[in-house]
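Asker: Take a look at this one; I'll ask things after.
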Amino acid sequence: MIIDAHQHFWKYDKLKHSWIDDSMKEIRKDFLPEDLRAIFKQNGVDSCIAVQADQNLSENDFLLNLAKSNTFIKGVVGWVDFRADKLESLLELYAENPVMKGFRHVVQGEQDPNFLLRKDFCHGIVKLNTYTFTYDILTLPHQLGAVLEFVKKFPKQKFVIDHISKPYIKDGFFDGWACLIKEIALHENVYCKVSGLVTEADYHLWSFDQLKPYLDHITECFTPQRLMFGSDWPVCLVAASYPQVMGIAENLVKDWSANEQEIFWGNNAAEFYTIA
């Protein structure tokens, strides 16, 4: 069983998706389940988790509707305003849909490096565990100090770090990211997605050897028991094809035991996101 634990869908809108700059113009178009279904068939992928790419409630409706008509979408990671007064009622509503697995906020885009630690945001996060919702942590390396304090606050909450927190691979920066990742990984309620590496390297010149130190480090820190595969499709397409992204993961796990490979490719994601 292979589960792609991190990919996106969208109907391209130049205002809504303004983050897709000129260097990423290849993905300035629609990406929908019919596009991904063929790719999955070609690469032996069984199912996926669709992750929000826009921060509004209509994004949740969009993804949940796609999942309703495309059974290979096994879960949705949506968005809510954790600081909103109506948060409780929203979580109650989404808890009625078993496809809604959790939420994330695009913290990497926040100017405040301690955004995760603000009382109003944490007041919302504390409510997630009541409904068994997960939380995806999307940050940059300079925000990892806050991530460490954040996960300490919620030892019973299921967290997963998206894109190994986007280390500055292109610039060759490693040590600061590595130190904090090691400390964060000591908290066993935190998982990590092997995703998004190619877009943190040089889009055109990346190599597996360049990515290997980062992959080795997260393997040492999280162990195969808390790592999961994610493609970050279609964002990955600015730097690599879907088979190339899978090839990175295959190269990573080639010397692992059969059981370790099995849990990496599917079982960890299934357990984390409670996929039957």
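Asker: Arg28: of a type in the set (D, E, K, R), touching a residue at least 24 places away in the same chain (Cβ under 8 Å) and out of contact with any Lys or Arg (no Cβ under 7 Å at 6 or more places or on another chain), yes or no?
Answerer: Numbers: of a type in the set (D, E, K, R): yes; touching a residue at least 24 places away in the same chain (Cβ under 8 Å): no; out of contact with any Lys or Arg (no Cβ under 7 Å at 6 or more places or on another chain): yes.
No.
Asker: Can you tell me how many residues within region 72-98 are of a type outside the set (D, E, K, R), open to solvent by 20 Å² or more (accessible area, probe 1.4 Å) and in contact with a strand residue (DSSP E or B) (Cβ under 8 Å, 6 or more places away or on another chain)?
Answerer: Summing the residues that are of a type outside the set (D, E, K, R), open to solvent by 20 Å² or more (accessible area, probe 1.4 Å) and in contact with a strand residue (DSSP E or B) (Cβ under 8 Å, 6 or more places away or on another chain) in region 72-98 gives 2.
Asker: Looking only at region 44-61, how many residues end up being touching a Lys or Arg at 6+ places or on another chain (Cβ under 6 Å) and touching a residue at least 60 places away in the same chain (Cβ under 8 Å)? Even if it seems obvious, please write down each step before you answer.
Answerer: Taking region 44-61 as the starting set, the residues that turn out to be touching a Lys or Arg at 6+ places or on another chain (Cβ under 6 Å) are 47, 54.
Subset that is touching a residue at least 60 places away in the same chain (Cβ under 8 Å): 47.
So the count comes out to 1.
Asker: Could you check region 114-152 and list, in sequence order, the residues that are β-branched (Val, Ile, Thr) and either surrounded by 15 or more Cβ atoms within 10 Å (Cβ to Cβ) or in contact (Cβ under 8 Å) with a residue 60 or more places away in the chain (or both)? Break it down into steps so the answer makes sense when it comes.
Answerer: As a first pass, look at region 114-152 and keep what is β-branched (Val, Ile, Thr): 125-126, 130, 132, 134, 137, 139, 147, 151.
If the condition is that a residue be β-branched (Val, Ile, Thr) and either surrounded by 15 or more Cβ atoms within 10 Å (Cβ to Cβ) or in contact (Cβ under 8 Å) with a residue 60 or more places away in the chain (or both), then Ile125, Thr132, Thr134, Ile137, Thr139, Val147, Val151 are the ones that fit.
Asker: Identify, please: which residue in region 24-60 is of a type in the set (D, E, K, R) and part of a loop (DSSP other than H, G, I, E, B) and is, among those, most open to solvent (accessible area, probe 1.4 Å)?
Answerer: Of all residues in region 24-60, those of a type in the set (D, E, K, R) come to 25-26, 28-30, 34-35, 37, 41, 46, 54, 59.
Then keep just the ones that are part of a loop (DSSP other than H, G, I, E, B); that gives 28-30, 46, 54.
Working: Arg28: 87, Lys29: 108, Asp30: 77, Asp46: 88, Asp54: 23 Å².
The selected residue is Lys29.
Asker: Also: Could you tell me whether Val235 is surrounded by 14 or more Cβ atoms within 10 Å (Cβ to Cβ) and under 14 Å from the mean Cα position of the chain (by Cα)?
Answerer: Considered against the rule, which asks whether it is surrounded by 14 or more Cβ atoms within 10 Å (Cβ to Cβ) and under 14 Å from the mean Cα position of the chain (by Cα), Val235 comes out as yes.
Asker: Can you confirm whether region 184-195 contains a residue that is in a helix (DSSP H, G or I) and either farther than 25 Å from Ala53 by Cα or open to solvent by less than 30 Å² (accessible area, probe 1.4 Å) (or both)? Before the answer, list the steps.
Answerer: Initially, region 184-195 is screened for residues in a helix (DSSP H, G or I), giving 184-185.
Of the ones still in play, those that are also either farther than 25 Å from Ala53 by Cα or open to solvent by less than 30 Å² (accessible area, probe 1.4 Å) (or both) are 184-185.
Checked region 184-195: at least one residue is in a helix (DSSP H, G or I) and either farther than 25 Å from Ala53 by Cα or open to solvent by less than 30 Å² (accessible area, probe 1.4 Å) (or both).
Asker: State which residue pairs qualify: first residue at negative phi and inside region 1-13, second residue at pLDDT 95 or above and β-branched (Val, Ile, Thr) in any location, beta carbons under 6 Å apart, and separation of 6 or more residues or different chains.
Answerer: Ile2/Val45; Asp4/Val45; Ala5/Ile49; His6/Val51; His8/Val51
Asker: Go through region 118-139 residue by residue and tally those that are part of a helix (DSSP H, G or I) and within 20 Å of Cys192 (Cα to Cα). Reasoning before the result, please.
Answerer: First, pick out the residues of region 118-139 that are part of a helix (DSSP H, G or I): 119-125, 128-131.
Of the ones still in play, those that are also within 20 Å of Cys192 (Cα to Cα) are 125, 128-129.
Number of matching residues: 3.
Asker: Hey, can you tell me all the residues within region 196-232 that are open to solvent by less than 40 Å² (accessible area, probe 1.4 Å), of a type in the set (Ser, Thr, Tyr) and without any contact (Cβ under 8 Å) to a residue 60 or more places away in the chain?
Answerer: Thr199, Tyr214, Thr219
Asker: Across region 238-276, which residue is surrounded by the most Cβ atoms within 10 Å (Cβ to Cβ) among those that are aliphatic (A, V, I, L, M) and part of a loop (DSSP other than H, G, I, E, B)? Break it down into steps so the answer makes sense when it comes.
Answerer: Here is the first cut: in region 238-276, the residues aliphatic (A, V, I, L, M) are 238-240, 245-246, 248-249, 252-253, 258, 263, 269-270, 275-276.
Now narrow it down to the ones that are part of a loop (DSSP other than H, G, I, E, B): 239-240, 275-276.
Details: Ala239: 23, Ala240: 21, Ile275: 19, Ala276: 5.
Looking at residues that are aliphatic (A, V, I, L, M) and part of a loop (DSSP other than H, G, I, E, B), I get Ala239.
Asker: Which residues, counting only those in region 99-113, are in a loop (DSSP other than H, G, I, E, B), loosely packed, with under 13 Cβ neighbours inside 10 Å and not charged (D, E, K, R)? Before the answer, list the steps.
Answerer: First, the residues of region 99-113 that are in a loop (DSSP other than H, G, I, E, B): 99, 106, 110-113.
From what's left, loosely packed, with under 13 Cβ neighbours inside 10 Å: 111-112.
If the condition is that a residue be in a loop (DSSP other than H, G, I, E, B), loosely packed, with under 13 Cβ neighbours inside 10 Å and not charged (D, E, K, R), then Gln111 is the only one that fits.
Asker: For region 250-269, which positions are among the aliphatic types (A, V, I, L, M), over 14 Å from the mean Cα position of the chain (by Cα) and within 21 Å of Cys48 (Cβ to Cβ)?
Answerer: Taking region 250-269 and keeping what is among the aliphatic types (A, V, I, L, M), we get 252-253, 258, 263, 269.
Pick out the ones that are also over 14 Å from the mean Cα position of the chain (by Cα) and you get 252-253, 258, 263.
Across region 250-269, the qualifying residues are Leu252, Val253, Ile263.
Asker: Another one. Which residues, counting only those in region 5-16, are within 18 Å of the chain's Cα centre (by Cα), in a loop (DSSP other than H, G, I, E, B) and either surrounded by fewer than 10 Cβ atoms within 10 Å (Cβ to Cβ) or of a type outside the set (A, V, I, L, M, F, W, C) (or both)? Write out each step before concluding.
Answerer: Here is the first cut: in region 5-16, the residues within 18 Å of the chain's Cα centre (by Cα) are 5-10.
Pick out the ones that are also in a loop (DSSP other than H, G, I, E, B) and you get 8-9.
Answer for region 5-16, where residues must be within 18 Å of the chain's Cα centre (by Cα), in a loop (DSSP other than H, G, I, E, B) and either surrounded by fewer than 10 Cβ atoms within 10 Å (Cβ to Cβ) or of a type outside the set (A, V, I, L, M, F, W, C) (or both): just His8.
The values are calculated or read from the model by the stated rules, or taken from the named source; none is laboratory data. Everything numeric here is computed off the predicted structure, so don't read it as measured data. Using ideal geometry, Cβ is built from the backbone for each residue, glycine included, and neighbour counts are taken over all protein chains shown. With ligands, DNA and RNA removed, areas are computed over all heavy atoms of the protein, side chains included. Shrake-Rupley method; radii C 1.70, N 1.55, O 1.52, S 1.80 Å.
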